[in-house]
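The values are calculated or read from the model by the stated rules, or taken from the named source; none is laboratory data. Computed from a prediction, not measured in an experiment: that's the story for all the values here. Here Cβ is always computed from backbone atoms with ideal geometry, including for glycine, and neighbour counts include all displayed protein chains. To get the accessible areas, we keep the full protein, side chains included, count just its heavy atoms, and leave off ligands, DNA and RNA. Shrake-Rupley method; radii C 1.70, N 1.55, O 1.52, S 1.80 Å.
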Amino acid sequence: MKDDTSEHEPSGPLRGIKVLDASTILAGPLTAQILGDFGAEVIKIEHPDKPDGLRGHGLDKDGVPLWWKMVSRNKQAMTLNLSTPDGQQIFRDLAGEADVVIENFRPGTFERWGLSYERLAAGNPGLVMLRVTGFGQHGPYAERPAFGTLVESMSGFAYLTGQPDGPPTLPAFGLADSIAGIAGSSAVSMALLARERNGGTGQEVDLDLLSPIMTAVGPGVIYADQLGIDQERTGNRSQNNAPRNLYRTEDDHWVAISTSAHAIAERVMHIVGHPEVLDEQWFATGRERAQHADLLDTYVGEWIAERTRDEVTSVFEKAGAAVAPVYRPSDLLTDPQVVETDMITTVEDDELGPMRMQNVMWRMGQSPGSIRHTGRHAGADTDKILTNLGRNAEDIDNLRVRGII
């Protein structure tokens, strides 16, 4: 699905839905990005003097932030000082015409500004308000400042990641925020569906960063509750199956192998020349194979170490065994599957020209999403948005002089 990023009308299942993105950094903005990818009209609101800190995250090219181009794609850019009475009134006017508001300020901040859900919904009963915080709107941690790193630590992810004899390990990217952003798009879609089924009444959605990644980490909580044990770090191995690891090839690449299905484990052992282990009683289940990971990794690792990455993947693919190379990001740009299915697509940017970025995350047969334009500079659409609200040029100039926009 190549996209020329022209200002064509939005398409997708959320066409006609209006979203105010008053959130910062990643989880909230990613939720808004996904909604925009699938047709929603999104207005990104930033403080006139202190724009979203995400603009300063990651690398830039010629002073232009690159990550911003993706996370703020398909969004109109508006500046607005929400801590001022005039800014708050403009926000209420915008919310009166919106379907969704996304915010991630500390609990109580929107209430202090006169922007509580109750007040906004009084003028717009169908409004859905997604509130993203580290730990939720209530509870003993509600007032704590929180970032993805903290919940990646608390969720069990860091404890389970790393080598058995090494320290807990954090991800090298915004994992918790990204999972929460994807979860947020699901939550908003559910709330919109509920509105449709329940007479047009919206609702407030309380999304914390901890819950989605805690769910993604897996069954550790159930194990602790029912068995009184904590999972421990296993490095690249799994407690559920073997062989499962990363293995170095003869040409100094790495490949990943997983044998979650028993038939795949059998095929792998035939490939590496050790079919005799199939007759061992312990080979019958993934959990028991994991207890013999040293032996199985030796057999697999020695075979792979004598062959190039291309040889390994070719043999495994022909045998119907699961294998994948360990990629650098640049490798994704030329991978045949990624290219053929347009997982990474080329879009035109006003400042930098053609650029490749991740495409919309799922391909819908009847109502596909699209990338209409990349992220814009702060306030690029402020005048247009205010004009649509009925403000004239003199009003807009006055707001700008007073630092409201």
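Quick look at the values:
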item: Residue satisfying condition, being over 21 Å from the mean Cα position of the chain (by Cα), closer than 18 Å to residue 102 by Cβ and of a type in the set (S, T, N, Q), within set 137, 163; result: 137
item: Single residue of 46, 111 found to be buried (at least 19 other Cβ atoms within 10 Å of the Cβ) and more than 24 Å from residue 186 (Cβ to Cβ); result: 46
item: Selected residue [open to solvent by less than 40 Å² (accessible area, probe 1.4 Å), in a loop (DSSP other than H, G, I, E, B) and among the small types (Gly, Ala, Ser)] from 87, 39; result: 39
item: Positions within segment 135-161 being assigned to a helix (DSSP H, G or I), open to solvent by less than 50 Å² (accessible area, probe 1.4 Å) and without any contact (Cβ under 8 Å) to a residue 40 or more places away in the chain, in sequence order; result: 158
item: Condition met for residue 4 (open to solvent by less than 20 Å² (accessible area, probe 1.4 Å) and either assigned to a loop (DSSP other than H, G, I, E, B) or modelled with pLDDT of 95 or more (or both)); result: no
item: Test: residue in segment 114-122 that is under 23 Å from residue 145 (Cβ atoms) and either open to solvent by less than 10 Å² (accessible area, probe 1.4 Å) or hydrophobic (A, V, I, L, M, F, W, C) (or both); result: yes
item: Qualifying residue in segment 204-216 (condition: in a loop (DSSP other than H, G, I, E, B), more than 21 Å from residue 169 (Cβ to Cβ), open to solvent by 40 Å² or more (accessible area, probe 1.4 Å) and not polar (S, T, N, Q)); result: no
item: Filter result for residue 16 (more than 19 Å from residue 133 (Cα to Cα) and modelled with pLDDT under 95); result: no
item: Tally of residues being without any contact (Cβ under 8 Å) to a residue 12 or more places away in the chain, open to solvent by less than 40 Å² (accessible area, probe 1.4 Å) and under 13 Å from residue 207 (Cβ atoms) across segment 177-197; result: 0
item: Segment 113-134, subset in a loop (DSSP other than H, G, I, E, B), touching a residue at least 24 places away in the same chain (Cβ under 8 Å) and over 21 Å from the mean Cα position of the chain (by Cα), residue nearest to residue 18 (Cα to Cα); result: 127
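A quick yes/no check of all residues on (1) closer than 30 Å to residue 91 by Cβ; (2) in contact (Cβ under 8 Å) with a residue 40 or more places away in the chain; (3) surrounded by fewer than 14 Cβ atoms within 10 Å (Cβ to Cβ):
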| residue | (1), (2), (3) |
| --- | --- |
| 301 | no, yes, no |
| 338 | no, no, no |
| 349 | yes, yes, no |
| 362 | no, no, yes |
| 365 | no, no, yes |
| 370 | yes, yes, no |
| 375 | yes, yes, no |
| 382 | yes, yes, no |
| 397 | yes, no, yes |
